[in-house]
Amino acid sequence: MGNSFKENLKEILEYKDMTVKELAFLTGISNRSIGNYLNARESMPPADYACKIAKALNTTVEFLLTGKDSDNHTQVFSKTLSTIISNFPKLSQEDQMLVSQLTVSLSKMK
């Protein structure tokens, strides 16, 4: 996750495959305002807008500001990790064990 509102908002919009237009519709905030939050150097929304954006994205204002939830864990996984997590339970026990061993082995190579 990024460490600015702009970066975190961009990432969560991408993760949720949501457009600025869709977010504007859900929040009642203009496309232009949301675009400014995504493109301006240091543009931050007012608190009420930040709350609307967080609610529409099913996240927290804290996450949008810091990239972390209240337990200091990142809240959104990358698309790749989300795909792995969603497909893992579909694997046989044997394949799950192989994937687990493979990830451990690969992480030790770095």
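None of the figures in this text is laboratory data; all of them are computed from the coordinates on show. Values in this document were obtained by computation on a predicted structure and should not be read as measured data. All Cβ positions, glycine included, derive from the backbone under ideal geometry; neighbour counts span all protein chains shown.
A few remarks follow.
- Here's the picture: a label point sits 7 Å out from the Cα of ASN58 along the beta-carbon direction, and within the range 15-50 the residues with their amide nitrogen under 18 Å of it are 15-20, 22-27.
- Local electrostatic count, GLN101, Cβ distance below 15 Å [Lys/Arg +1, Asp/Glu -1]: -1
- Projected label points at GLU22 and LEU65, each 7 Å from Cα along the beta carbon direction, are separated by 2.7 nanometres.
- Peptides 16-24, 51-59, 100-108 ranked from most to least packed by the mean count of surrounding Cβ atoms within 10 Å: 51-59, 16-24, 100-108.
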